[in-house]
Structure formats: structure tokens, C-alpha cells
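Novice: The structure's right below; bear with me while I get my questions together.
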Amino acid sequence: MTSTISQPLPRFCAPLPFELREHAEAMPWSDFTATFSAIDGPVQLWAWECDDRLARLGPQPRRFCATLAIGDRIEPATAHASGPVAALTAMLYERGIGVEMTRFHQLASGPHTATFVQGSDGRRREWAMGWAEDPTQSALRAVIACANRLIG
């Protein structure tokens, strides 16, 4: 008898956004995450940081820096925005990938965060999810997955 130990798939005890529940019930969880967490597509986020000084206070745009891979191009990107999702969507738009967030749900699950986004490119809408220990990384992964689903 042979056994293998695999990494557990993301699961959490909170209701999914209504529009995704039917999909989740109709397929194994591994298929659901493979479908909606498309982070290995043509759009990839290789690095991310907010490089503002911590001393800045109040509501104001912050400077975000990233390394994006789009197809076979790898390039640095910078955007000033009120938050990381706005910055990432601006960076993608500057590179010809329009992703407007139309729905955003973020749920804690133990030490992890699941983020579900619905995005539109102006022609159609797609749902995607991100999963990470850090809420910001979870949201960024969801945006990248959404961009890949809209392109694909």
C-alpha cells in the first residue's frame, strides 16, 4: 500500500458569495480552487510592496511597487493609489489589462484569508479567489486570478 501526503487544499467555514455557491457544490473543492484561483496564467505577480514611510498619516495615495509577468514580459510597475487592490488594477490597466472590481468579499479562516472578487473587463464578468495568510496577499492573488480568467 502506498500513501502520499499532500498539502491541504484551502477550505473554510464561512458561506461563499451567493453567486459561487452553486459552482462550489457542483465540483470537488480541488476543481473549484483550480478554476477560480488561476494565478499561474499569463498574468503573474512576482513581487509587491508599499514603499511609503510609515510616518505618513491620514488618507492619501500611497506608492506601491510590483514586479509583473505578463506573458513572456517581466517588468517593474509602480502606482499611487489609496490601497493595494486599486494600485494593482491600475498597474494592470497601464499594461492593457482592464480589470474593474465589481464585487469584493474577504473572509477569515483560521490563520488564512480567502478573498473572492468579481471583475469585469467591460465585456464580461468573472469570479476569482485568492488564498493566503496575509489579507493583502489574498486580495492581490484574487485580482491576478480574475485577470487571468478574463483573459482566458
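Just so it is clear, none of the values below were taken in a lab; they were calculated from the coordinates. The model shown is predicted, which means the values in this text are computed figures rather than measured ones. Cβ placement follows ideal geometry from the backbone for every residue including glycine, while neighbour counts extend to all protein chains displayed.
Novice: As I understand it, the value is the acute angle between the Cα axis of helix 135-151 and the longest principal axis of the Cα atoms of the chain; what does it come to in degrees, rounded to 10?
Specialist: 80
Novice: Would you please name the chymotrypsin sites (Phe, Trp or Tyr not before Pro) within the range 13-77 that are DSSP coil residues with at most 13 other C-beta atoms within 10 Å of their C-beta?
Specialist: Of the chymotrypsin sites (Phe, Trp or Tyr not before Pro), not one in the loops of the range 13-77 has a Cβ with at most 13 other Cβ atoms within 10 Å.
Novice: Quick check: pseudo-label points 7 Å beyond the Cα along Cα→Cβ at THR78 and GLU19, how many nm apart are they?
Specialist: So the label points at THR78 and GLU19 sit 3.5 nm apart.
Novice: Spelling out what I want: for every residue of the range 68-77, take phi, set θ = phi - 60°, compute 6.51 cos²θ - 1.76 cosθ + 1.60 (Karplus), and round to whole Hz; glycine and proline get x.
Specialist: 10, 10, 10, x, 9, 9, 10, 8, x, 9
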